[in-house]
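Peer 1: Dropping a structure here in structure tokens format, bear with me for questions.
The values are calculated or read from the model by the stated rules, or taken from the named source; none is laboratory data. It should be emphasised that the depicted structure is a prediction, and the values quoted were computed from it without experimental measurement. Note: ideal-geometry Cβ built from the backbone for every residue, glycine included; neighbour counts use all protein chains shown. Ligands, DNA and RNA are excluded from the accessible area calculation, which covers all protein heavy atoms including side chains. Shrake-Rupley method; radii C 1.70, N 1.55, O 1.52, S 1.80 Å.
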Amino acid sequence: MIAVYIVTKNMTTELHVTGRNRLREAGAPEGAMKLHSCFGEEGKLQVFDVWESQEAFDAFLAYLGPVMAELGIELEQPPVIMPVIDLVQQ
């Protein structure tokens, strides 16, 4: 499993909801996503996801990149991708 941490420069709640809807409409492969969270300061939201594998995230990224570009969502820094050692969900 991998963790993906994304910090944006300009994502609002409205842009996040619109982006999630566009990804679903486009058929983005989300089945391997174990956890999705969006949080932080309005206008500079952050995302933390857990994926089954790098390959699964890469397949999703093929959809995510164009949607982010279409909506004008910019990154503050490159995504941070790390191996997951332990994940507890209650």
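Peer 1: For residue 84, what residues show an amide H to amide H distance below 5 Å, using hydrogens built from the backbone and excluding near sequence neighbours?
Peer 2: Hits under the 5 Å cutoff: 2, 3.
Peer 1: Once you list every other residue whose beta carbon is under 14 Å from the beta carbon of residue 15, what net charge do they have if Lys and Arg are +1 and Asp and Glu are -1?
Peer 2: On the way: positive: 9, 20, 22, 44; negative: 14, 41, 42, 70, 74.
Cβ neighbours under 14 Å give a net charge of -1.
Peer 1: Once both axes come from the Cα atoms, what is the angle between helix 54-71 and the longest principal axis of the chain, in degrees from 0 to 90, rounded to 10?
Peer 2: Taking the Cα atoms of the chain, the angle to 54-71 is about 10 degrees.
Peer 1: For the chain, which whole-number percentage of the solvent-accessible area (1.4 Å probe, protein heavy atoms only) is attributable to carbon and sulfur atoms? The partial results should precede the final answer.
Peer 2: Values: 2940 of 5340 Å².
Its accessible area is 55 percent carbon and sulfur atoms.
Peer 1: Using Cα pairs closer than 8 Å and at least 6 residues apart in sequence, work out the relative contact order for the chain, in percent. Working shown, then result.
Peer 2: Values: 147 pairs, mean separation 43.1, N = 90.
RCO, the chain: 48 percent.
Peer 1: Through the Karplus equation 6.51 cos²θ - 1.76 cosθ + 1.60, θ set to phi - 60°, convert the phi angles of the range 75-90 into ³J(HN,Hα) values in whole Hz; use x for Gly and Pro.
Peer 2: 8, 6, 7, x, x, 9, 10, 9, x, 8, 8, 8, 9, 10, 10, 10
Peer 1: Quick check on the chain: helices-only [θ] at 222 nm, where DSSP H runs of length 4 and up contribute -39,500 (n - 2.57) each and the sum goes over total residues. Nearest 500, please. Walk me through the numbers before you get to the answer.
Peer 2: Details: 2 runs with 32 residues, N = 90.
After summing the helix terms and dividing by residue count, I get -12000 deg cm²/dmol.
Peer 1: If you take the beta carbon distance between residue 12 and residue 34 as r and set R0 to 30 Å, what does 1/(1 + (r/R0)^6) give as a FRET efficiency, to the nearest 0.05?
Peer 2: So, using R0 = 30 Å, E works out to roughly 0.70.
Peer 1: Sticking with this structure for a sec: If I take R0 = 22 Å and measure r between the Cβ atoms of residue 26 and residue 53 in this structure, what FRET efficiency does the formula 1/(1 + (r/R0)^6) give, to the nearest 0.05? Numbers along the way, then the final one.
Peer 2: Working: r = 21 Å, r/R0 = 0.95.
Plugging the Cβ-Cβ distance into 1/(1 + (r/R0)^6) gives 0.60.
Peer 1: What Kirkwood hydrodynamic radius, in Å, does the range 8-90 give when the mean of 1/r is taken over all pairs of distinct Cα atoms and then inverted?
Peer 2: Answer for the range 8-90: a Kirkwood hydrodynamic radius of 13.5 Å.
Peer 1: Points 7 angstrom from Cα along the Cβ direction at residue 77 and residue 62: gap in nanometres?
Peer 2: Each label point is offset 7 Å from its Cα along the Cβ direction, giving 3.0 nm.
Peer 1: Moving on to the next point. For the range 31-38, take each phi angle, set θ = phi - 60°, evaluate the Karplus expression 6.51 cos²θ - 1.76 cosθ + 1.60, and give the result in whole Hz per residue in order, putting x for glycine and proline.
Peer 2: Here the 3J(HN,Hα) series is x, 8, 7, 8, 8, 9, 9, 10 Hz.
Peer 1: Still on this structure, please answer the following. On a full-extension model of 0.36 nm per residue, what is the gain between residue 85 and residue 42, subtracting their alpha-carbon distance, rounded to one decimal in nm?
Peer 2: 12.5 nm
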